[in-house]
Amino acid sequence: MQEKYQLIAMTLASTALLATGAALADGSYGAIALSPQTGHYAIVVNRTSRAAAERDARSRCQAAHCRTTLVFRNACGAIVRKGNMLVAASGRDRQTTLAEALKRTGKEAKVVTWECSKGAKLSANRRH
């Protein structure tokens, strides 16, 4: 029997990207795609447009039911897993993004992956 995954996407208000069009043409876009049927996921950053970020995330997700759950600009994105729950989060920097995702899921959640676009806050973007 195939497991179903609960998907949650959250964007911190300071870096929310819900608008489209030329007004947001400058910047580095990222996106997260998740599949509720399989638990597959993908995160991409540094795309020149929202459409390119969404397309590339869905393509890299490698599951028929992948859908874009979060788009961000000049920010970081992360995926956190707790049991069958996948949480996609974005924020101005890595630390803020991960802290918010873990706050929503609890300390026992596992950070699956994270990436920051070129335009994200630089002080917290280095991988350790």
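Pull up the stretch 91-121, narrow it to residues that are touching an Asp or Glu at 6+ places or on another chain (Cβ under 8 Å) and outside any strand (DSSP E or B), then point me to the one that is farthest from residue 28 (Cα to Cα).
First, pick out the residues of the stretch 91-121 that are touching an Asp or Glu at 6+ places or on another chain (Cβ under 8 Å): 91, 116, 120-121.
If we keep only those that are outside any strand (DSSP E or B) as well, we get 120-121.
On the way: 120: 9, 121: 12 Å.
So, considering only residues that are touching an Asp or Glu at 6+ places or on another chain (Cβ under 8 Å) and outside any strand (DSSP E or B), the one farthest from residue 28 (Cα to Cα) is 121.
So which of 98, 86 is free of Cβ contacts under 8 Å to residues at least 60 places away in the same chain and either within 13 Å of the chain's Cα centre (by Cα) or surrounded by fewer than 20 Cβ atoms within 10 Å (Cβ to Cβ) (or both)?
Numbers: 86 fails: free of Cβ contacts under 8 Å to residues at least 60 places away in the same chain.
One residue alone meets the criteria, 98.
Consider the stretch 38-49. How many of its residues are in contact with a Leu (Cβ under 7 Å, 6 or more places away or on another chain) and either in a helix (DSSP H, G or I) or more than 17 Å from residue 88 (Cα to Cα) (or both)? Before you say what the answer is, go through the steps one by one.
Pass one, the stretch 38-49, residues in contact with a Leu (Cβ under 7 Å, 6 or more places away or on another chain): 39, 41.
Of the ones still in play, those that are also either in a helix (DSSP H, G or I) or more than 17 Å from residue 88 (Cα to Cα) (or both) are none.
Looking only at that region, the number is 0.
Filter the stretch 53-90 for residues that are part of a strand (DSSP E or B), over 13 Å from residue 32 (Cα atoms) and not aliphatic (A, V, I, L, M) and give the result. Before the answer, list the steps.
So the first thing to find is which residues in the stretch 53-90 are part of a strand (DSSP E or B), and the list is 67-73, 76-82, 85-90.
Still in the list and also over 13 Å from residue 32 (Cα atoms): 81-82, 85.
Answer for the stretch 53-90, where residues must be part of a strand (DSSP E or B), over 13 Å from residue 32 (Cα atoms) and not aliphatic (A, V, I, L, M): 81, 82.
Bear in mind these aren't lab numbers, they're just calculated from the coordinates by the rules spelled out. Predicted model only: the values in this text are computed from it and were never measured. Methodologically, a virtual Cβ is constructed for each residue, glycine included, from the backbone with ideal geometry; neighbour enumeration extends over all protein chains shown.
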